[in-house]
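Every read-out reported here was derived from the displayed coordinates using simple, explicitly stated rules and does not represent laboratory data. Just so you know, these numbers come straight off a predicted model, no measurement behind them. Cβ placement follows ideal geometry from the backbone for every residue including glycine, while neighbour counts extend to all protein chains displayed.
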């Protein structure tokens, strides 16, 4: 097996995300240790934007938006198309030197509630406040 100099064969090839064709939900792990789990049935759409120094993924669900920034995120977007991403996580900047290979690298993730949306119980979420109707 031929590897790049300095490449650790024991290190997972995708330390920022995992592909699983049988995933039922997307787990989003933040650097502060918090996490979210979103069922794929709530996915509205995904937008991929390629940039010179970084890529962006916008994952829009019926109740939340997820903004992911990093490198080589196209492969994550294509896996999301097939509901095949089990989890994503952002890695601290100190690991940035390892992002030079062709694998996806996530530098930041922001999760926010969508304004004026309803959750599955018919509760409307407005400006972060829950309003029962």
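Suppose we keep only residues that are without any contact (Cβ under 8 Å) to a residue 40 or more places away in the chain and within 12 Å of the chain's Cα centre (by Cα) within the stretch 13-46. Which one would you say is nearest to residue 91 (Cα to Cα)? If we take residues in the stretch 13-46 being without any contact (Cβ under 8 Å) to a residue 40 or more places away in the chain and within 12 Å of the chain's Cα centre (by Cα), then 35 is nearest to residue 91 (Cα to Cα).
Can residue 69 be described as surrounded by fewer than 19 Cβ atoms within 10 Å (Cβ to Cβ) and closer than 14 Å to residue 107 by Cβ?
For residue 69, the condition - surrounded by fewer than 19 Cβ atoms within 10 Å (Cβ to Cβ) and closer than 14 Å to residue 107 by Cβ - is met.
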